[in-house]
Amino acid sequence: MQTVLGANGPIGEELTRELYRSFTHDIRLVSRHPAKIYDTDQLVKADLTDPAATQQAVEGSEIAYLTAGLPMDSQLWERQFPVMMRNVIDACARCGTKLVFFDNTYMYPGTTTRQTESTGYAPNGRKGRVRAQIATMLLDAMKAGSVDAVICRAPEFYGPGRTKSLTNSLVFDRIKVNRRPLVPLSAKTARSLIWTPDAGRAMALIGNSPDTYGQTWHLPVDPRRPTYAEMIRVAEQVTGRSIRYTVLPLAFFRIGGIFVGRLGEVQELLPRYLGDNIFDTSKFTARFPDFTVTSYQKGIAEILG
């Protein structure tokens, strides 16, 4: 049995599809309102802030994947993420279940320095501090030997379906409905974006490779790292029309954040849009040289097709 905790988000769904395709049909999907992807899926309703419910959700699993997300709300993150991580670690330790944690890069410094698995944590805001806290909780449990675990870290998403990110919502979703895309801060800086189906495939592969445990892994991205201007040129080729875009200055987010909560919540992430964002995935490529990464051209064509 392999169990996906937080199963119905975009990463959980892509992970489930890859587990079913390549590794097992014995899959348990866990969330507050789980829904089947395949007829053989086992559904468990659980709130991961409840330790008893978390224990029940994990019990009997060989591997548990923690992919649960929360809305962009700093107070909610501070209140719930540490509790969820503690409950999942404890449940996996008691059940002898391996843990695969899907993480983001919020805890990394918002600089142009290349990000590797050994990059130190230097969060720019409240959500980054929460992500640093829960990653450190898991690393400490791994070092103590209380849980056999691995961290899979990914940069900003882009992808099909219900994928949520600044890039999807401000750029590709607007292009799809013939609206002018809005580019955060700069159209000329290199972006490291992960295609959500690639994230799911890579996470399943790491989780089912025994030698990967006890480590942190950066999940694979297209190494070309285009700018927003280059991505929009690809969108022009896909749609066959000219696309003009607007660059949103920092003041837009600072002033808008006073009135719109989501704009305020993204401000701690903005430094990484001012300069090149280089997420290094060479460790994954060296270990899994046959893994095919989806090109930005192919991904954008699928989003807009």
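Laboratory data are not the source of any read-out in this text; all were calculated from the coordinates shown. Predicted model, so just to flag it, every value in this text is computed and none were measured. Cβ: placed from backbone, ideal geometry, glycine included. Neighbour counts: every protein chain shown.
Here are the numbers for the structure shown:
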read-out: Enumeration of residues in the range 114-134 that are touching a residue at least 60 places away in the same chain (Cβ under 8 Å) and either surrounded by fewer than 21 Cβ atoms within 10 Å (Cβ to Cβ) or over 25 Å from A7 (Cα atoms) (or both); value: R114, Q115, T116, E117, P123, N124, G125, R126
read-out: Single condition S295 does not satisfy, out of (1) touching a Gly at 6+ places or on another chain (Cβ under 8 Å); (2) in contact (Cβ under 8 Å) with a residue 60 or more places away in the chain; value: (1)
read-out: Qualifying residues in the range 3-39 (those that are farther than 17 Å from T196 by Cβ and among the charged types (D, E, K, R)) - the one surrounded by the most Cβ atoms within 10 Å (Cβ to Cβ); value: R28
read-out: Any hit, the range 181-198, residues being part of a helix (DSSP H, G or I), farther than 21 Å from M72 by Cα and under 13 Å from the mean Cα position of the chain (by Cα); value: yes
read-out: Tally of residues being surrounded by 16 or more Cβ atoms within 10 Å (Cβ to Cβ) and in a loop (DSSP other than H, G, I, E, B) across the range 289-305; value: 2
read-out: Some residue of the range 185-192 being buried (at least 22 other Cβ atoms within 10 Å of the Cβ) and either on the phi > 0 side of the Ramachandran plot or of a type in the set (S, T, N, Q) (or both); value: yes
read-out: Any hit, the range 163-183, residues being in contact with a helix residue (DSSP H, G or I) (Cβ under 6 Å, 6 or more places away or on another chain), under 22 Å from F81 (Cα atoms) and either among the hydroxyl-bearing types (S, T, Y) or touching a residue at least 40 places away in the same chain (Cβ under 8 Å) (or both); value: yes
read-out: Search result, residues across the range 48-62 that are part of a loop (DSSP other than H, G, I, E, B) and either loosely packed, with under 14 Cβ neighbours inside 10 Å or aliphatic (A, V, I, L, M) (or both); value: L48, G60
read-out: S165 vs. criteria polar (S, T, N, Q) and farther than 22 Å from P123 by Cα; value: no
